[in-house]
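The values are calculated or read from the model by the stated rules, or taken from the named source; none is laboratory data. Please read all numbers here as calculations on a predicted model, not as lab measurements. As a convention, Cβ positions derive from the backbone with ideal geometry for all residues, glycine included, and neighbour counts pool all protein chains shown.
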Amino acid sequence: MANLNKVMLMGNLTRDPQLSYLPSQTAVVEFGLAMNRKWKGQDGQMKEETCFVDCRAFGKLAENINKYLSKGRPLFVEGRLTFDSWTAQDGSKRSKHRVTVESFQFLGSAQAGSPNRPEQGGHDQGGGGQQADSDDIPF
């Protein structure tokens, strides 16, 4: 039987990325993404919902996300869904799904970036993938 575990999300960061390192000195960054959905309900009223997803990236991807992104910035991620389970301090069993990021692309224009976090491309281990905006074209 074939299997597929692929997630593609485009949204805004809900908080600043949190960088840490594993004992092996591999970088790990955790951040949240929010995706909005708008539609017209059967009653004709516009409705909106927001989906919040926790994400995690490793290595050079993690370092680039931490270096160039902050709360509110748009981001496109591709990855896989992972399931974490643990025992809480009170002894209860806890679990959650999260996206393990395998590649990403920055979205938005360079003007949207802060001076200390310039817009740069980041795809497949942090290379290429820079988004061009009409404001970025020199002619």
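Miscellaneous remarks
Per-residue answers, yes or no, for (1) surrounded by 12 or more Cβ atoms within 10 Å (Cβ to Cβ); (2) under 19 Å from D84 (Cα atoms); (3) out of contact with any helix residue (DSSP H, G or I) (no Cβ under 8 Å at 6 or more places or on another chain):
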residue	(1), (2), (3)
M1	no, no, yes
V7	yes, yes, yes
S24	no, no, yes
V28	yes, yes, no
R37	no, no, yes
D43	no, no, yes
K47	no, no, yes
V53	yes, yes, yes
G59	yes, no, yes
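- Within the option set G79, G108, being at pLDDT 50 or above, surrounded by 16 or more Cβ atoms within 10 Å (Cβ to Cβ) and in contact with a strand residue (DSSP E or B) (Cβ under 7 Å, 6 or more places away or on another chain) holds for one residue only, G79.
- Only residues that are among the hydroxyl-bearing types (S, T, Y), surrounded by 15 or more Cβ atoms within 10 Å (Cβ to Cβ) and part of a strand (DSSP E or B) were counted across segment 9-22, and they come to 0.
- Yes/no for K60 being out of contact with any strand residue (DSSP E or B) (no Cβ under 6 Å at 6 or more places or on another chain) and in contact (Cβ under 8 Å) with a residue 60 or more places away in the chain: yes
- Of the criteria (1) at pLDDT 90 or above; (2) on the phi < 0 side of the Ramachandran plot, which one G72 fails: (2)
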